[in-house]
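Colleague: Could you have a look at this structure, given as structure tokens, before my questions?
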Amino acid sequence: MLSFDMGQLKQQFEEVFAASTDRAFFAPGRINLIGEHTDYNGGHVFPCAITFGTYGLVKKREDDLIRVYSRNFEDVGIVSFPVTDETYEASHDWANYVKGVVTLLRQDGHDIRGFDFLLAGNIPNGAGLSSSASLELVTAFMLNEVYGLGLERIDLVRLGQKVENTFIGVNSGIMDQFAIGMGKAGHAMLLDCETLHHDYAPILLDGYDIVIMNTNKRRELADSKYNERRRECDTALGLIQPKVEVESLGQLSLKIFEQVALDLPETLRKRARHAVSENERTKLAYTALQEGRLEAFGELMNASHASLRDDYEVTGLELDTLVAAAQGCEGVIGARMTGAGFGGCAIAIVRQTDTSAMIEQTSAKYEETIGYASTCYVASVGDGVRELVEEEVK
Ligand code: GLA
């Protein structure tokens, strides 16, 4: 089921742009079950696409003007720029993601012309569920279809990451764009971020819910410590490399790491240890889920959160409070932050019969400690980016 009334969105498109549209696209958000801050370290991640996402309605124009409008940022209004405009402009706000995609496609020699594009999303903004990668992918996928560019999904995934890295300035890995571009309903994917080899794993959680818990503490990655963590890992790798032949932290086992990292400065050792141990946990978690060993899966989730809190130091009071409260509830087999951290969301796997009570207790504990409310949703795992079919757009 779609989360927006398409008839209403089409009508709004006509009101905003004085033109009609008949093509609509959808890109999901994502959660990551486990494997955090491992993607840019050449390790594994285990994310899935969710049914929250970004809808985009489009109409080609006869000229070279791009006009974009988002229902989520109505105060920003219509943002217009010529296709040739390649500059990041702070006042263009969210529209920079669209501009980044157009710019990079054109730089690759694709002939993109003008279009009107109306967007509407229900991924909470700044919550670590990848609203920005979702916007990149809905734009890239739409342009690929509308302008017949002939690109593969994986090209669009890479393009989205490049926009983030070079146009927006966040040195992120490939996980978010990959999950959004390649997601499959009911499945998570174990992705080796070095080779991009991936295995879809059915999420065998019969009788259990995945609950998304939003701290409602917003953060922008561009001004968070995200890039700093990435640099710390790179520095640690550089210090280890004379001792062992590896190209990334993802190639190290924890055992070898402990031997070669003894004399690293404490902070760097902790950062790198997280990357290495989290990669091992992710592979174990994938197998545990496949084999229906849910308790083991939950324990790995808990250990992941502890490592992100103690070694990587990207959780903070809000996420720690929420996760600890969830972990203390009846029926919870595991809980951890998801995404980059520094605020944003956590997830918990909860026995369905306990979900309501768990949400109630966790929310109360959170509000009491933090002073404002969290928001919880039961996640459903959906498909990757796609064009909506005629029936859905009617
Ligand atoms: C953000 C980045 C991803 C990944 C996660 C942490 O979501 O965009 O590439 O690094 O943080 O796992």
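Colleague: Could you please let me know if Gly126 is at pLDDT below 95 and outside any helix (DSSP H, G or I)?
Modeller: Against the criterion (at pLDDT below 95 and outside any helix (DSSP H, G or I)), Gly126 qualifies.
Colleague: In region 165-218, how many residues are within 14 Å of the ligand (Cβ to nearest atom), assigned to a strand (DSSP E or B) and open to solvent by 30 Å² or more (accessible area, probe 1.4 Å)?
Modeller: Residues meeting the conditions: 0.
Colleague: For Glu228, all conditions in the list (1) within 16 Å of the ligand (Cβ to nearest atom); (2) in contact (Cβ under 8 Å) with a residue 60 or more places away in the chain; (3) open to solvent by 60 Å² or more (accessible area, probe 1.4 Å) hold save one; what is the number of the exception?
Modeller: Tallying (1) within 16 Å of the ligand (Cβ to nearest atom); (2) in contact (Cβ under 8 Å) with a residue 60 or more places away in the chain; (3) open to solvent by 60 Å² or more (accessible area, probe 1.4 Å), Glu228 fails exactly one: (2).
Colleague: Counting only residues that are over 26 Å from Ser224 (Cα atoms) and without any contact (Cβ under 8 Å) to a residue 24 or more places away in the chain, which one in region 274-314 is least open to solvent (accessible area, probe 1.4 Å)?
Modeller: Top of the filtered list is Ala288.
Colleague: Which pairs do you get when a residue that is not assigned by TED's automatic domain parsing to the domain that holds Phe52, found in region 66-91, comes within reach of a residue that is surrounded by 13 or more Cβ atoms within 10 Å (Cβ to Cβ) and among the small types (Gly, Ala, Ser), reach meaning Cβ atoms under 8 angstrom, with the pair 6+ apart or on two chains?
Modeller: Pairs found: none.
Colleague: What residue, among those in region 1-17 that are surrounded by 12 or more Cβ atoms within 10 Å (Cβ to Cβ) and among the polar types (S, T, N, Q), is farthest from the chain's Cα centre (by Cα)?
Modeller: Kept after step one, since they are surrounded by 12 or more Cβ atoms within 10 Å (Cβ to Cβ), are these residues of region 1-17: 2-4, 6, 9-14, 16-17.
Still in the running and among the polar types (S, T, N, Q): 3, 11-12.
Details: Ser3: 19, Gln11: 30, Gln12: 28 Å.
So, considering only residues that are surrounded by 12 or more Cβ atoms within 10 Å (Cβ to Cβ) and among the polar types (S, T, N, Q), the one farthest from the chain's Cα centre (by Cα) is Gln11.
Colleague: Would it be correct to say that Ala364 is in contact (Cβ under 8 Å) with a residue 60 or more places away in the chain and either in a helix (DSSP H, G or I) or of a type outside the set (Phe, Trp, Tyr) (or both)? Reasoning before the result, please.
Modeller: Working: in contact (Cβ under 8 Å) with a residue 60 or more places away in the chain: no; either in a helix (DSSP H, G or I) or of a type outside the set (Phe, Trp, Tyr) (or both): yes.
Criteria not met by Ala364.
Colleague: Among residues belonging to region 65-101 that are more than 21 Å from Gln177 (Cβ to Cβ) and hydroxyl-bearing (Ser, Thr, Tyr), point out the one that is surrounded by the fewest Cβ atoms within 10 Å (Cβ to Cβ).
Modeller: In this case the residue turns out to be Ser91.
Colleague: Oh, and also: Does at least one position in region 127-140 carry a residue that is open to solvent by 50 Å² or more (accessible area, probe 1.4 Å) and not hydroxyl-bearing (Ser, Thr, Tyr)? Full working, then the answer.
Modeller: Start the filter on region 127-140 by keeping residues that are open to solvent by 50 Å² or more (accessible area, probe 1.4 Å), which leaves none.
No, region 127-140 contains no residue that is open to solvent by 50 Å² or more (accessible area, probe 1.4 Å) and not hydroxyl-bearing (Ser, Thr, Tyr).
Colleague: Going by the structure shown, is Leu119 at pLDDT 95 or above, assigned to a loop (DSSP other than H, G, I, E, B), in the same structural domain as Glu86 (by TED's automatic domain parsing) and more than 14 Å from the ligand (Cβ to nearest atom)? I'd like the intermediate steps shown before the answer.
Modeller: On the way: at pLDDT 95 or above: yes; assigned to a loop (DSSP other than H, G, I, E, B): no; in the same structural domain as Glu86 (by TED's automatic domain parsing): yes; more than 14 Å from the ligand (Cβ to nearest atom): yes.
Considered against the rule, which asks whether it is at pLDDT 95 or above, assigned to a loop (DSSP other than H, G, I, E, B), in the same structural domain as Glu86 (by TED's automatic domain parsing) and more than 14 Å from the ligand (Cβ to nearest atom), Leu119 comes out as no.
Colleague: Keeping to region 307-354, report how many residues are in a strand (DSSP E or B) and closer than 26 Å to Ser172 by Cβ.
Modeller: Just the residues of region 307-354 that are in a strand (DSSP E or B), to begin with: 332-337, 345-351.
This time we only want the ones that are closer than 26 Å to Ser172 by Cβ, so: 334-337, 345-349.
Count: 9.
Colleague: If you scan region 150-160, which residues turn out to be among the aliphatic types (A, V, I, L, M) and open to solvent by less than 30 Å² (accessible area, probe 1.4 Å)? Full working, then the answer.
Modeller: Within region 150-160, the first condition is being among the aliphatic types (A, V, I, L, M), and the residues that meet it are 151, 154, 156-157, 159.
Those that are among the aliphatic types (A, V, I, L, M) and open to solvent by less than 30 Å² (accessible area, probe 1.4 Å): Leu156, Val157, Leu159.
Colleague: So, Asn144, is that one assigned by TED's automatic domain parsing to the domain that holds Arg23, part of a helix (DSSP H, G or I) and surrounded by 19 or more Cβ atoms within 10 Å (Cβ to Cβ) or not? Give the derivation first.
Modeller: Numbers: assigned by TED's automatic domain parsing to the domain that holds Arg23: yes; part of a helix (DSSP H, G or I): yes; surrounded by 19 or more Cβ atoms within 10 Å (Cβ to Cβ): yes.
When the stated conditions are applied, Asn144 passes them.
Colleague: Same structure again: Since Gly53 meets every condition but one in (1) of a type outside the set (Asp, Glu); (2) more than 16 Å from the ligand (Cβ to nearest atom); (3) assigned to a strand (DSSP E or B), which condition does it not meet?
Modeller: (2) is the only condition that Gly53 fails.
Colleague: For residues in region 18-44 being open to solvent by 10 Å² or more (accessible area, probe 1.4 Å) and of a type in the set (Phe, Trp, Tyr), which is farthest from the ligand (Cβ to nearest atom)?
Modeller: Of everything passing the filter in region 18-44, Phe26 is farthest from the ligand (Cβ to nearest atom).
Colleague: Return yes when Val332 is touching a residue at least 12 places away in the same chain (Cβ under 8 Å) and not hydroxyl-bearing (Ser, Thr, Tyr) and no when it is not.
Modeller: Numbers: touching a residue at least 12 places away in the same chain (Cβ under 8 Å): yes; not hydroxyl-bearing (Ser, Thr, Tyr): yes.
Answer is yes for this residue.
Colleague: Separate question: Please work out which residue is surrounded by the most Cβ atoms within 10 Å (Cβ to Cβ), limiting yourself to region 238-256 and to residues that are in contact (Cβ under 8 Å) with a residue 40 or more places away in the chain and part of a helix (DSSP H, G or I).
Modeller: Among those that are in contact (Cβ under 8 Å) with a residue 40 or more places away in the chain and part of a helix (DSSP H, G or I), it is Leu249.
The values are calculated or read from the model by the stated rules, or taken from the named source; none is laboratory data. In this text, all values refer to a predicted model and were calculated from it rather than measured experimentally. Heads up, the Cβs are rebuilt from the backbone with ideal geometry, glycines too, and the neighbour counts pull from every protein chain shown. Remember, those area values only see protein heavy atoms, side chains included, never the ligands or the DNA or RNA. Shrake-Rupley method; radii C 1.70, N 1.55, O 1.52, S 1.80 Å.
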